[in-house]
Structures are given as structure tokens and as C-alpha cells.
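Reading through the C-alpha cells given below for one structure.
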Amino acid sequence: MSKSMTQIAERIRETREACELTQKETAEKLGIPLDIYVQYENADADIPISVLYDLSELFGIELTDLLTGTTPKLKNYCVVKNGEGVEIERYKGYKFQSLAFNFKNKKIEPLLVTIEPKENKNMSLVSHHGQEFNYVLEGKIKVILGDKEIELSEGDSIYFDPTIPHGQTAVNNTTAKFLTVILHENM
């Protein structure tokens, strides 16, 4: 596990305790098995971005609080220079960069996603509430959406219901970058 993920797991534990929730209560509220939640909190397993969103909602805090330990403060605008977004490595070869991490009370979450080329046959699909938009900036990606596989090239986009299990992978053995914008129902 990366140092960043270990720190995020620590913040999750500390925030849960501050909210006076047990691990069991938290797992139940998230709708996941207790043993999986304990793995997340102990940094023994990768935490899906959807779980991070659900945790921030459950705890009544911004996602940025969990990612960085700092509360967003900007309310009129937020500039994130190239390469300066807060990064999360979801699993090896797949990283998110928050493009509005310091904006308070966001309604949407824009993320730059970079997928390194690799064999990704065992990719875990995720699902979450809200709506999601992906726009390919570089390379090609394959979007797995339920039982469908959709290949997208630079300039292509997809808007979908993220309650359908989904995931993205790079194709043609090249790095791919795409913008994802997530709207959560309760944001």
C-alpha cells in the first residue's frame, strides 16, 4: 500500500471514531461486509473511489478531508495548475488526480484519470450513486459497463449511470488519460 493510502486509511479510522461509529456500524451503512471495511481502514486493501465518496458523505465531510487531511476553503473559484491536483492511486497503474480539491461544497467531482498500460483482466468493477461522465484526452480506453465493453478514443465521451458496475482500462498498450466528472446525488 502506498504511503498516501495508509494516511487515508488512518484519517478514515480517526474520522469514524470522531463520529462515534463502530467499524460494524460503518460497514453496515456502506452496505459492505465488515471484513472488507476493516481491510480498507487498516490499509490492507485498495479503497474504491466510490467508497471514499460514500465515507465522506457518511461522515459529513468533504472528500478532500479524507484525501489530504485538509478542509477545502475556496468558494468562488479554484485553480489547479497542471500536475498539482491531489493524487490517489487506486491500484497499481490507475491513478486519480482531483481537479477541484480545494473548492468548498462541490456539486461535482472532476478527476483526471491516468491508466498505465498493463494486463488488467482482474480489474474490479465499482458502482456508486449519481451520474458519471468520461472524456478521453489521450490514448484509448475500454469502458466496461455491466455486460457491455465500449472502446473510446481521444475526443470520445460517455455519460452513464454509475450504479451499473463499471471500470475503465487502457488499450493498445499505451497510457490513457481521461477526464471523469462525477455528480453524486447528495453533493
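The values are calculated or read from the model by the stated rules, or taken from the named source; none is laboratory data. Keep in mind it's a predicted model, so treat the numbers as computed, not measured. Here Cβ is always computed from backbone atoms with ideal geometry, including for glycine, and neighbour counts include all displayed protein chains.
Spot the failing condition for residue 149; the list is (1) in contact with a strand residue (DSSP E or B) (Cβ under 7 Å, 6 or more places away or on another chain); (2) over 19 Å from residue 95 (Cα atoms); (3) assigned to a loop (DSSP other than H, G, I, E, B), and only one is missed.
Going through the list (1) in contact with a strand residue (DSSP E or B) (Cβ under 7 Å, 6 or more places away or on another chain); (2) over 19 Å from residue 95 (Cα atoms); (3) assigned to a loop (DSSP other than H, G, I, E, B), residue 149 breaks only (3).
Starting from residues that are among the hydroxyl-bearing types (Ser, Thr, Tyr) and surrounded by 13 or more Cβ atoms within 10 Å (Cβ to Cβ), keep the ones in the range 103-158 and report whichever is farthest from residue 184 (Cα to Cα).
Going through the qualifying residues, I end up with 153.
Could you say which residue among 81, 24, 75 is closer than 20 Å to residue 113 by Cβ and among the charged types (D, E, K, R)? Step through it out loud before you land on a result.
Numbers: 24 fails: closer than 20 Å to residue 113 by Cβ; 75 fails: closer than 20 Å to residue 113 by Cβ.
One residue alone meets the criteria, 81.
For the range 19-36, how many residues are assigned to a helix (DSSP H, G or I) and touching a Phe, Trp or Tyr at 6+ places or on another chain (Cβ under 8 Å)? Don't jump to the end; show me each part of the working.
As a first pass, look at the range 19-36 and keep what is assigned to a helix (DSSP H, G or I): 23-30, 34-36.
Going one step further and asking which of them are touching a Phe, Trp or Tyr at 6+ places or on another chain (Cβ under 8 Å), we end up with 23, 26-27, 30.
Qualifying residue count for the region: 4.
Restricting to the range 155-168, give me the number of residues that are under 22 Å from residue 116 (Cα atoms) and over 15 Å from the mean Cα position of the chain (by Cα).
4
What residue, among those in the range 73-97 that are of a type outside the set (D, E, K, R) and more than 17 Å from the chain's Cα centre (by Cα), is surrounded by the most Cβ atoms within 10 Å (Cβ to Cβ)? Before you say what the answer is, go through the steps one by one.
Just the residues of the range 73-97 that are of a type outside the set (D, E, K, R), to begin with: 74, 76-80, 82-83, 85-86, 88, 91, 93-94, 96-97.
Next, only the ones that are more than 17 Å from the chain's Cα centre (by Cα) stay: 74, 76-80, 82-83.
Working: 74: 12, 76: 6, 77: 7, 78: 15, 79: 10, 80: 17, 82: 7, 83: 8.
Going through the qualifying residues, I end up with 80.
Give the residue that is nearest to residue 130 (Cα to Cα), with candidates limited to residues of the range 26-59 that are touching a residue at least 24 places away in the same chain (Cβ under 8 Å) and among the small types (Gly, Ala, Ser).
So the residue we want is 50.
This table checks each residue for (1) under 23 Å from residue 98 (Cβ atoms); (2) modelled with pLDDT of 95 or more.
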{"site": "22", "(1), (2)": "no, yes"}
{"site": "28", "(1), (2)": "no, yes"}
{"site": "34", "(1), (2)": "no, yes"}
{"site": "42", "(1), (2)": "no, no"}
{"site": "46", "(1), (2)": "yes, no"}
{"site": "49", "(1), (2)": "yes, no"}
{"site": "52", "(1), (2)": "yes, no"}
{"site": "60", "(1), (2)": "yes, no"}
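Give just the number: which of (1) farther than 19 Å from residue 11 by Cβ; (2) under 17 Å from the mean Cα position of the chain (by Cα); (3) assigned to a strand (DSSP E or B) does residue 142 not satisfy?
Result: residue 142 passes all but (2).
Being at pLDDT 80 or above and not small (Gly, Ala, Ser) is the filter here, so list the residues in the range 115-127 that pass it.
Within the range 115-127, 115, 116, 117, 125, 126 qualify.
Given (1) assigned to a strand (DSSP E or B); (2) modelled with pLDDT under 95; (3) not hydroxyl-bearing (Ser, Thr, Tyr), identify the lone condition not met by residue 185.
(1)
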